[in-house]
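Taken together, the values in this text are just the output of simple stated rules run on the coordinates, not laboratory data. Quantities reported herein were computed from a predicted structural model and do not represent experimental measurements. Ideal geometry is used to build each Cβ from the backbone, glycine not excepted, and the neighbour counts take in all protein chains shown.
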Amino acid sequence: MTLFLAAIVAAAPITLEADPNHSSAGFNVRHMMVTTVRGTFTRFSSTLVADKDDPSKCSVELKIDPASINTNNEKRDGHLKSADFFDVQKCPEMTFKSKSIQKKGDKYTVAGDLTMHCVTKPLTLEASFSDNPVKGPTGTPVYPASATGKLKRSEWGLNWNKSLESGGVLVSDDVNVEFDMEFLPRKAEAAKQTQVETKTKKD
């Protein structure tokens, strides 16, 4: 009976949360058409509902504080927070909420809505996720996940730019986004899994 219960719990959807100390949310964009500038957001959170048996029932939500942007250049970061770009005073939060998740081979296509600069537009990410967790040093199951995508910042009203004398523009309209996450079970989920494992060992 206990083994049957354990199988049911293992197959049930679980709610996971990103470990901010071992996760990252970032982007890269071409500068002057010759170099790549990379940036990260240091304050963010993400929740993932994972269903091992039915990916269509999975969902993910990501929240980012745009004021936490870091491109390793204080002056540039200040400009990116201004009304020319993210306008963090008027638009203090960025979010991505999935609308559908489909599995293709060992990859996932995650379609959802990205709200950035107070504008909401669709965005599709290509993602990987392992439903076979790795046990961390404290015994906590860790679920690795990553996702990448491309967008045109002008579609979200991020239009600031400068033309170059040699042709082209200072900042590319195309932006690559990338997320690398370690997801952990919520405390309630972790406690439930521990109880099942304890019962299974006793039996």
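Odds and ends about this structure:
- Each of M181, M32, M116 was scored by other Cβ atoms within 10 Å of its Cβ. Arranged with the fewest first, they read M32, M116, M181.
- Placing unit charges on the Cβ atoms only, positive for Lys and Arg and negative for Asp and Glu, gives the chain a dipole magnitude near 180 debye about its Cα centre.
- Among the trypsin sites (Lys or Arg not before Pro) in region 81-119, those placed in a DSSP loop whose Cβ has at most 12 other Cβ atoms within 10 Å are K90.
- Principal-axis analysis of the Cα atoms of the chain puts helix 2-11 at an angle of about 10° to the longest axis.
- Helix-only CD estimate at 222 nm, as mean residue ellipticity for the chain, using -39500 (n - 2.57) per DSSP H run (n ≥ 4): -5000 deg cm²/dmol
- Calculated FRET value between D53 and K104, using beta carbons and R₀ = 25 Å, to 0.05: 0.90
- Taking amide H as placed 1.01 Å from N in the peptide plane, L158 has no amide H partner under 5 Å among residues 5 or more places away or on another chain.
- Theoretical FRET efficiency, 1/(1+(r/R0)^6), r = Cβ-Cβ of E165 and T35, R0 22 Å, to 0.05: 0.80
- Per-residue Karplus couplings for region 51-66, computed as 6.51 cos²θ - 1.76 cosθ + 1.60 with θ equal to phi - 60°, are listed in order as 10, 4, 8, 9, x, 5, 8, 7, 8, 9, 9, 10, 10, 10, 8, x Hz, Gly and Pro entered as x.
- Degrees between helix 187-202 axis and first principal axis of the chain (Cα, 0 to 90, nearest 10): 30
- Remark: region 29-38, residue by residue, has Karplus-estimated 3J(HN,Hα) of 8, 6, 10, 6, 6, 10, 10, 10, 9, 10 Hz, where x stands for each Gly or Pro and the curve is 6.51 cos²θ - 1.76 cosθ + 1.60 at θ = phi - 60°.
- With the cut-off at under 16 Å, measuring from each backbone N in region 34-56 to a point 7 Å along the Cα-to-Cβ line of N132 picks out 52-53.
- Point-to-point label distance, D113-T42, nm (Cα→Cβ direction, 7 Å offset): 3.2
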